[in-house]
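Here is the structure we will look at.
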Amino acid sequence: NLELRLTDTALHGLAERDSTKERAYSLYLVARHHQQQRTKRDNDRAIELYKESLAADPNFALALTALASAYLNQQRFDDRRIEEIAQDMRPLLAKAEALAPRLPELYVARAAMESDLLQSEAALKDLQHAVALNPGSRDAQSELGYHHLLEGEPVKALQHYDRAALLDPLDYYLQAQRCRTLTDLAQFDGAASACERSRQLNPNAGTAYNVSSSMEEARGRIIEALRWNAQEFAHDPDVRQIYSARGGLL
C-alpha cells in the first residue's frame, strides 16, 4: 500500500552494508554495544570483537569502519596521539571505501579523524556526503555537532545535536553533548536539564558527570563542580582528563 520503491543507490548501499556471515555480524553487534558504553574496558573489548568479526569476514565494510572508530577512541583512554591513531585508521577506511563507497558510516568515521587532525574542510565535506547518503543518520548529525563545536559555532552544533537526539532519544551521550553545548551558550537551565537526562539514561557513564561538572564550573559553582568530578572519577577512573580538571578546580 505504501508503494515503497528503493532507488538503485539505496539497494546497492544495503547490499554493501552488512556481512552475509552470521558470526561476523553477531560479533559486530556485540562489539558495537561495548563501544557505545564509552569506557576504556569496553572500548578495548570492542576492538577485540571487531577484529574477530573481520577474521570471520575480512570484507565486512561496516566492521572495518567501526574498528577505525574504536581506534579513534583511544585518544581518550590510552594517551595515543591522533597522528599515530590515524596511521591505524587510514588502511581500514581505505579498504572499506573500496568495498562499500555508499556506506555513510565510512564518511562519518573519516570525518571524525579529520576533525581531530584539524582538517576542518575535509571533515565537513565527508559529513555532508554522509548526510546525503542517509539524511536520517544519527551518527552524521552527532559528528556535525562536534564539528561545529570545534569551529566555535555552538548554535549550529546544538541544531545538529538536537536532530541526533530526536533520532536516538535514549543515547545518554547525545544529551551530554547537548548539555556541553548549552553551557557554551550560557543557557544553564537547559544545560542542567540535559545533564540530568544524560545521567538518568546512563547513571554509570562518566561523561554524564563530566559535563555536569563543566556546567557548574561555568556557572562559578566550584564546589558543586568538584562534587560532580568526584562522581565521574568513581564511575570512570581511567580517563586522564579527570585529573587535570580536578587540578584546575582545586
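Annotations
- Efficiency of FRET from Cβ geometry, GLU52 and LEU185, R₀ 41 Å, rounded to 0.05: 0.45
- Between helix 206-218 and the chain: long-axis angle, C-alpha atoms, 0 to 90°, nearest 10: 40 degrees
- Label point distance in nm, GLN159-ARG81, each placed 7 Å from Cα along Cα→Cβ: 3.7 nm
- Solvent exposure ordering (accessible area, 1.4 Å, most first) of ARG90, ARG227: ARG227, ARG90
- Solvent-accessible surface (1.4 angstrom probe) belonging to SER198, in square angstrom, nearest 10: 0 Å²
- Here each label is just a point 7 Å from Cα along the line to Cβ, and for LEU250 and ALA218 those points are 2.6 nm apart.
- Between ALA230 and LYS21, the FRET efficiency estimated from the beta carbon spacing at R0 = 45 angstrom works out to 0.45.
- Order of exposure, largest accessible area first, which applies to GLU121, GLU83, GLU224 with probe 1.4 Å: GLU121, GLU83, GLU224
- Whichever lysines have a C-alpha closer than 23 Å to that of LYS21, once near sequence neighbours (fewer than 8 apart) are set aside: LYS51, LYS95
- A straight line joining the Cα centroids of the range 67-140 and the range 148-196 runs 21 Å.
- Relative contact order, percent, the chain [alpha-carbon distance under 8 Å, six or more residues apart]: 12 percent
- Using a probe of 1.4 Å, the accessible surface attributed to LYS21 totals some 100 Å² when neighbouring protein chains are kept in position.
- Globularity index of the range 146-224, i.e. its alpha-carbon radius of gyration over 2.2 N^0.38 Å: 1.01
- Using just its DSSP H runs of length 4 or more, each adding -39500 (n - 2.57), the chain gives a mean residue ellipticity at 222 nm of -24500 deg cm²/dmol after division by all residues.
- Rolling a 1.4 angstrom probe over the chain with all protein chains present gives an accessible area of which 50% lies on carbon and sulfur atoms.
- Ligands, DNA and RNA aside, HIS235 has an accessible area near 70 Å² when probed at 1.4 Å.
- Ordered by solvent-accessible area of protein heavy atoms (1.4 Å probe), largest first, the residues ARG38, ARG102 come out as ARG102, ARG38.
- In summary, the lysines within cross-link reach of LYS156, defined as a Cα separation below 19 angstrom excluding same-chain residues under 8 places away, comprise LYS125.
The values are calculated or read from the model by the stated rules, or taken from the named source; none is laboratory data. The model shown is predicted, which means the values in this text are computed figures rather than measured ones. Here Cβ is always computed from backbone atoms with ideal geometry, including for glycine, and neighbour counts include all displayed protein chains. Just the protein is used for accessible areas: all its heavy atoms, side chains included, with ligands, DNA and RNA removed. Shrake-Rupley method; radii C 1.70, N 1.55, O 1.52, S 1.80 Å.
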